[in-house]
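Student: The structure under discussion is supplied below as structure tokens; questions concerning it will follow.
What follows draws every value from the coordinates through simple rules; no lab data is involved. Computed from a prediction, not measured in an experiment: that's the story for all the values here. Here the Cβ positions follow ideal geometry from the backbone for every residue, glycine too, while neighbour counts run over all protein chains shown.
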Amino acid sequence: MRGQSQLVLSPYLPVSLVDISVVIPIYNEEANIGALHQRLRHVLETMPRPVSYELIFVNDGSRDQSLALLLTLADRDEHVRYIDLSRNFGHQIAVTAGLDAAKGNAVVIIDADLQDPPELIHDLHAKLLTGYEVVYAKRRSRQGESAAKKFTARLFYRILASITSISIPVDTGDFRIISRKVVEGLKMMPEQNKFLRGQISWIGYRQTYVEYDRAERAGGETGYTYRKMIRLALDGITGFSDAPLKAATLSGFAVSGVAFLVMMYTLYSRFVSHDYEPGWASLMVSILFLGGVQLIAVGIIGEYIARLSANVRQRPLYLVADTNITPPAAPGS
Ligand code: UDP
Ligand code: MG
């Protein structure tokens, strides 16, 4: 089973044909694509030691002129690859599609809105070459984002860190460089609810970071609605922690415990102190006891369902509408 899904997930040979692949998810980024391409090009042409590279733009169902811009870029610049997904699959899946297609010895994941400065790629790559498999970019500060966004982000990273068993670095996005080894590792993790930061931490090897100041979005507006952010947060938590399920089970036991005490009291008032309303005792006992037992049962079933649901849906992660990458991304890749 494992071998089979691996085959389906990586139609590309794990051979490195270029030094660096840059994967850029694109969702309504027409305002940024031009500047982004220029800065990326400049950065990669001026690496301390010359490298071969490819720029993989993954169009995640944009509703603006992004795709048209990408097609023009691909015509003009031989380094530009594009993958046009069949619809909007979300940031994490768009990045995954890019990783599946990347042929680089090292792969950079970067946002399209220039919040992640391409110039940092020099530092990221240099650090990678000193013997790491992952170098992530850690935000020293973030500009131009609402207080609410900063606060929820901080809160989320702290909660996640406290309830997961693996250590997911706080205050990092997906901006990072990863080695071929890690890319192949990611391809072996076919889960539907992608949370790349968590998966990359799970993979292990030697990981480190460089710090940077996060800039404002250059143009356009965020594609991350609160709805998408909450989904990402839930994927992160459920993918890497069973704490909520354990809480359900524990609450079941706690309620049952209290119910038992109240039950004792009701029996006492019925038979010993005779201070009761007729019918009240049996009613209380059964409601409290059943409530507790039901919560325990739901908690336990939840433990199983969480493990099952993650594995039963063997849907492809994404579908490709068009690409200039050979071999073409097979459907369901
Ligand atoms: N993005 C995407 N699909 C989506 C939403 C966003 O591919 O459904 C891309 C977007 O084009 C950008 C990156 O993911 O390159 C980060 O998105 P955004 O800047 O909107 O997120 P934020 O920085 O506000 O968290
Ligand atoms: Mg952004």
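Student: Cut-off under 13 Å on the C-alpha distance; same-chain residues fewer than 8 positions from Lys187 excluded. Which aspartates and glutamates are left, in chain and number order?
Tutor: The reachable aspartates and glutamates, counting only those whose Cα sits under 13 Å from Lys187, are Asp100.
Student: In addition: Show me the chymotrypsin sites (Phe, Trp or Tyr not before Pro) within the range 118-219 that DSSP assigns to loop and that have at most 16 other Cβ atoms within 10 Å of their Cβ.
Tutor: Tyr205
Student: Quick check: pseudo-label points 7 Å beyond the Cα along Cα→Cβ at Leu308 and Leu283, how many nm apart are they?
Tutor: Inter-label distance under the simple model: 3.7 nm.
Student: Spin-label point model (7 Å from Cα, Cβ direction): what's the Arg270 to Glu45 distance in nm?
Tutor: 8.7 nm
Student: Of Ile33, Ile121, Ile301, which has the largest mean-square fluctuation in a 10 Å C-alpha GNM of the chain?
Tutor: In this elastic network of the chain, the residue with the biggest mean-square fluctuation among Ile33, Ile121, Ile301 is Ile301.
Student: Restricting the count to DSSP beta bridges whose residues both fall in the chain, what percent are antiparallel, rounded to a multiple of 5?
Tutor: On the way: 11 of 36 bridges.
Restricted to the chain, the bridges split so that about 30 percent are antiparallel.
Student: Which residues' amide hydrogens lie under 5 Å from the amide hydrogen of Asp19, considering only partners 5 or more residues apart or on another chain, with H built in the peptide plane?
Tutor: Answer set, sorted by chain and number: Ser52, Tyr53, Asn105.
Student: Is there a pair in Lys103/Lys127; Lys150/Lys194; Lys150/Lys246 whose C-alpha atoms are over 25 Å apart, and which pairs would that be?
Tutor: Long pairs (Cα-Cα over 25 Å): Lys150/Lys246.
Student: Based on Cα positions only, what radius of gyration and what Dmax would you give for the range 243-313, in angstroms?
Tutor: Rg and Dmax of the range 243-313, Cα atoms, are 16.7, 58 Å.
Student: Tell me what the chain gives for mean residue ellipticity at 222 nm when only DSSP H runs of n ≥ 4 count, each as -39,500 (n - 2.57), the sum divided by the residue total, rounded to 500 deg cm²/dmol.
Tutor: Mean residue ellipticity at 222 nm (helix-derived): -16000 deg cm²/dmol.
Student: Next up: For the pair Leu290 and Val210, how long in nm is the line joining their label points, each one 7 Å along Cα→Cβ?
Tutor: Reported label-point gap for Leu290 and Val210 is 6.4 nm.
Student: Checking the cross-link filter: which lysines have an alpha carbon closer than 19 Å to that of Lys149, excluding same-chain neighbours under 8 positions apart?
Tutor: Lys138, Lys228
Student: When the chain is fully extended, how far beyond the present Cα-Cα distance does Val170 get from Met188, taking 0.36 nm per residue of separation?
Tutor: Numbers: separation 18, 0.36 × 18 = 6.48 nm, distance 2.46 nm.
Between Val170 and Met188, full extension yields 4.0 nm more.
Student: For a Förster distance of 30 Å, can you work out the FRET efficiency between the beta-carbons of Arg140 and Ala254, rounded to the nearest 0.05? Present the calculation step by step, with values, prior to reporting the outcome.
Tutor: On the way: r = 42 Å, r/R0 = 1.40.
The pair Arg140/Ala254 has a calculated efficiency of 0.10.
Student: Which GluC sites (Glu not before Pro) from the range 185-249 combine a DSSP loop assignment with at most 15 other Cβ atoms within 10 Å? Mind dumping the intermediate values first?
Tutor: On the way: sites: Glu191, Glu211, Glu216, Glu221; in loops: Glu191, Glu216, Glu221.
Loop-located and lightly packed - Glu191, Glu216, Glu221.
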